[in-house]
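Notes to accompany the following structure.
The values are calculated or read from the model by the stated rules, or taken from the named source; none is laboratory data. No experiment lies behind these values; they were computed from the predicted model shown. For neighbour counting, all protein chains shown are included, and Cβ atoms are generated from backbone atoms with ideal geometry for every residue, glycine included.
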Amino acid sequence: MTAYEFVDHRLSKLDGFQVEIDPAHERADVILNRPPFNIVSMPQRDQLRLVFETLDQDDRVRVIVVRAIGEHFSSGGNIGGFMEATPETVSKLAWNIASPARCTKPVIAANRGYCFGVGFELSLACDFRIVSDTAQFALPEQKLGQIPGSGGSARLQKMIGITRTKDIVMRSRRIPARQALEWGIVTECVADKDLEAATDRLVDELRIFSPVAQRTAKKLLNDTEDSTLAIAIELEGHCYSRLRQSEDFKEGVEAFNAKRPPKFIGR
C-alpha cells in the first residue's frame, strides 16, 4: 500500500491519522494513528469528513476501511478541545462524523480494544463493523456532565431500541464485543488475531458486486430508515426500476444465464 497524496491543501498534513490506497484491491484505509489510545482531535474530525468526501470521488476505490494502529481503536475525543472549541465548531461534530454514512461507497470499521465516545460514533456511522473479541464499546459522556454529540445516541436507538440505548448512554456502560454482536450493534466478532483477515474477506466480497447497485442499496436503506413501510416499498420500487436500465443489471442477467462470473463496470 502507498500513502494517498491529497491535492486539497487542507489535507496536506493529516492530524492523527493517515490514508492508504491499494488500487490493486480497490481499497482505501483510513487509519487512526495516535497510539496508544488514538484520541481524536477537533481538527481531525473536519479532516476525516474531507477525506471521505475525497475518497468518494476516487475511481480507484471501491471499499473504504476505517481501522487503527495499536490495541485500541479510539478511547474518544480530546476532552480539552471541547472547552476550547466555539459553539459553531461543536455544532458540526455530528455532521463530520457522519461522513462514512453519507459516502456512497461501502465503509467497514475494524475495531479492537477501546471504542469509546467519538470512536464508537465513527464506527456506528460505517456500514459494517467487524470487531475483535477484545473490543469494548461505550458512550461515557455522562461522566463528564454531557451527552453524546456526534450521533451516537441517535444511531444506537435506531439499531437497538430505546431501552438498550438508555442502558448504554445514561449509565455510561461498557459493552463487550460479544454482547454488542448479540444486540445487533456489530456485524461480526472474531478472535483478535483474525480481525485483519476478516476485514480483508469482507472487502473482497463487497468488490464482487455492482458498484451502482451497492450505491443504490446504501442510499435507499439510509433514506428509508425513518419512513413508513409503504413509502419504503414505493422508493424501493423506483430504485429497482432505475437499476433495471443499468448496464450492470444487463451484465448480471447475461452472466447468470451464461453461468459465468459477471464483470460489473459501475454503470
| query | Is it true that some residue in segment 107-129 is surrounded by fewer than 18 Cβ atoms within 10 Å (Cβ to Cβ) and either over 24 Å from M159 (Cβ atoms) or assigned by TED's automatic domain parsing to the domain that holds L181 (or both)? | reply | no
| The lone exception for V203 - which of (1) farther than 19 Å from A125 by Cβ; (2) out of contact with any Asp or Glu (no Cβ under 8 Å at 6 or more places or on another chain); (3) buried (at least 16 other Cβ atoms within 10 Å of the Cβ); (4) in contact (Cβ under 8 Å) with a residue 60 or more places away in the chain it fails | (1)
| task | Determine which single condition A255 fails, assuming it passes every other condition in (1) loosely packed, with under 10 Cβ neighbours inside 10 Å; (2) modelled with pLDDT under 95; (3) among the small types (G, A, S). | result | (1)
| query | When both residues are 6+ apart or on different chains and their Cβ atoms are under 8 Å apart, which pairs have a first residue that lies in segment 124-139 and is closer than 17 Å to E196 by Cα and in contact (Cβ under 8 Å) with a residue 40 or more places away in the chain, and a second that is among the hydrophobic types (A, V, I, L, M, F, W, C) and in a loop (DSSP other than H, G, I, E, B)? | reply | R129/I185; R129/V186; I130/V186; V131/V186; S132/A191; D133/A191; A135/F73; A135/V186
| query | Considering segment 143-200 alone, what residues qualify as being in a loop (DSSP other than H, G, I, E, B), within 17 Å of the chain's Cα centre (by Cα) and surrounded by fewer than 16 Cβ atoms within 10 Å (Cβ to Cβ)? | reply | G184
| message | Anything in segment 242-267 that is over 28 Å from the mean Cα position of the chain (by Cα) and either among the polar types (S, T, N, Q) or outside any helix (DSSP H, G or I) (or both)? List them, or say none. | response | Q245, N257, K259, R260, P261
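Of all residues being of a type outside the set (S, T, Y) and not in a helix (DSSP H, G or I) in segment 201-233, which is farthest from R267 (Cα to Cα)? Just the residue, please. Explain how you work it out, then say what you get.
Taking segment 201-233 first, the residues of a type outside the set (S, T, Y) are 201-209, 211-215, 217-223, 225-226, 229-233.
Narrowing further to those that are not in a helix (DSSP H, G or I): 208-209, 225-226.
Values: I208: 15, F209: 12, E225: 26, D226: 28 Å.
For segment 201-233, the residue satisfying everything is D226.
Take the residues of segment 73-94 that are out of contact with any Ser or Thr (no Cβ under 9 Å at 6 or more places or on another chain) and within 17 Å of F116 (Cα to Cα): which is surrounded by the most Cβ atoms within 10 Å (Cβ to Cβ)?
Within segment 73-94, the subset out of contact with any Ser or Thr (no Cβ under 9 Å at 6 or more places or on another chain) is 75-76, 79-80, 82-92.
The next check asks that each one be within 17 Å of F116 (Cα to Cα); those that pass are 75-76, 79-80, 82.
On the way: S75: 20, G76: 22, I79: 11, G80: 10, F82: 16.
It comes out as G76.
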| Residue ID - surrounded by the most Cβ atoms within 10 Å (Cβ to Cβ), chosen from residues in segment 19-55 that are of a type in the set (K, R) and touching a residue at least 40 places away in the same chain (Cβ under 8 Å) | R45
| Got a number for residues in segment 161-205 being under 15 Å from P140 (Cα atoms) and hydroxyl-bearing (S, T, Y)? | 2
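Would a scan of segment 239-249 turn up a residue that is among the acidic types (D, E), surrounded by fewer than 17 Cβ atoms within 10 Å (Cβ to Cβ) and touching a residue at least 24 places away in the same chain (Cβ under 8 Å)?
Taking segment 239-249 first, the residues among the acidic types (D, E) are 247-248.
Subsequent filtering for residues that are surrounded by fewer than 17 Cβ atoms within 10 Å (Cβ to Cβ) retains 247.
Now restrict to residues that are touching a residue at least 24 places away in the same chain (Cβ under 8 Å): none.
No.
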| Which residue out of D58, D15 is outside the structural domain of E225 (by TED's automatic domain parsing), out of contact with any helix residue (DSSP H, G or I) (no Cβ under 9 Å at 6 or more places or on another chain) and surrounded by fewer than 21 Cβ atoms within 10 Å (Cβ to Cβ)? | D58
| task | From (1) β-branched (V, I, T); (2) more than 25 Å from R62 (Cα to Cα); (3) surrounded by 21 or more Cβ atoms within 10 Å (Cβ to Cβ), pick out the condition that doesn't hold for I97. | result | (2)
| If L156 passes every condition in (1) modelled with pLDDT of 95 or more; (2) out of contact with any helix residue (DSSP H, G or I) (no Cβ under 6 Å at 6 or more places or on another chain); (3) not β-branched (V, I, T) but one, which one does it miss? | (2)
| Does any residue of segment 226-245 turn out to be within 30 Å of Q136 (Cα to Cα) and not assigned by TED's automatic domain parsing to the domain that holds I130? | yes
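For the structure I just gave you, tell me whether E121 is modelled with pLDDT under 95 and touching a Pro at 6+ places or on another chain (Cβ under 8 Å).
Working: modelled with pLDDT under 95: no; touching a Pro at 6+ places or on another chain (Cβ under 8 Å): yes.
No; evaluated as a whole, the condition is false for this residue.
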